[in-house]
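Enquirer: I have a structure here, written as structure tokens, and I will follow up with some questions on it.
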Amino acid sequence: MNRGVKPKSNQLRVGRLTKAHGLKGALKVELYTDDPAHRFTPGAVFTLQVPTGSKWHGKTIELAELRWYNGHAVAFLKGVEDRNEAETLVKAILWIDADEAPDNDEPDAWYDHQLAGLRVMRDGVEVGTIARIEHMPAQDLLIVKAASGEVMVPFVSAIVPEVNVEQGFIVVTPPMGLFEDLAEIAAEEASAEEPSVEDASDVEVSADDESAAEVSVDDASEEPVSAEEASTETSKDDASDGTESPATPAE
């Protein structure tokens with residue numbers, strides 16, 4: 001049995017408007033509830049989740065009627081009278097306040113905020129914490145933050161047999177390799193990024209060769225100096241403050 005996740009502490013996500021239907025403002029609805037007859041009754045008011053740039057941002061909308069066409073739910077909404085207006089609501093997510101939803105005794109249903117942060121235990125060992133929950137059409141996914149990265153764990157009874165919100169942990173029995181494979185991949189990537197000793201020595205040798213080449217060019221460019229001139233230069237150096245000038249590396 002799939003585990004249920006309630007997305008927010010004070011609201012329930014019940015549907016998403018997917019596309020305009022017909023010319024009278026109706027929209028097809030992707031249902032996120034197993035009780036549409038209770039959630040989508042005439043007069044039900046939904047909070048709209050839309051981009052901030054949308055004309056519907058921060059607004060609610062009222063359901064006039066929910067009909068079924070070829071097995072697809074189609075919503076007629078008050079104030080949406082034509083296809084052009086319906087197009088402005090495509091991809092909007094519908095929420096209702098939790099206190100408006102009928103009470104249920106499902107033991108396997110939690111809100112997102114109840115699960116986020118719970119420790120993830122496997123064979124008595126903590127392997128990570130729940131970072132967030134992804135709500136997918138087929139099932140919910142727990143995104144577990146492990147030491148080596150994020151792991152997606154299907155939120156189903158076969159893999160998550162125990163959820164203990166009071167004590168702050170869940171128990172997982174994932175397929176072998178789910179966490180181990182991620183650790184191996186991370187180790188391989190880290191190893192690939194580290195330069196090898198051989199590579200470092202090659203760089204040093206190349207630098208020495210280049211320096212030697214510069215010295216050779218400079219020496220070759222100098223004109224021959226006579227013994228008398230050399231003697232004069234030596235005298236000038238000896239006549240200075242008696243300290244050697246520091247060596248300047250080649251540019």
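Enquirer: Out of the residues in the stretch 104-162 that are among the hydroxyl-bearing types (S, T, Y) and touching a residue at least 60 places away in the same chain (Cβ under 8 Å), which is farthest from T173 (Cα to Cα)?
Expert: Y111
Enquirer: Can you tell me how many residues in the stretch 1-29 are at pLDDT below 85, part of a loop (DSSP other than H, G, I, E, B) and more than 18 Å from T60 (Cβ to Cβ)?
Expert: Residues that pass the stated criteria total 3.
Enquirer: In the stretch 111-132, how many residues are open to solvent by 20 Å² or more (accessible area, probe 1.4 Å) and at pLDDT 80 or above?
Expert: Qualifying residue count, the stretch 111-132: 14.
The values are calculated or read from the model by the stated rules, or taken from the named source; none is laboratory data. No experiment lies behind these values; they were computed from the predicted model shown. Methodologically, a virtual Cβ is constructed for each residue, glycine included, from the backbone with ideal geometry; neighbour enumeration extends over all protein chains shown. Protein only, heavy atoms only, side chains kept; ligands, DNA and RNA dropped before computing areas. Shrake-Rupley method; radii C 1.70, N 1.55, O 1.52, S 1.80 Å.
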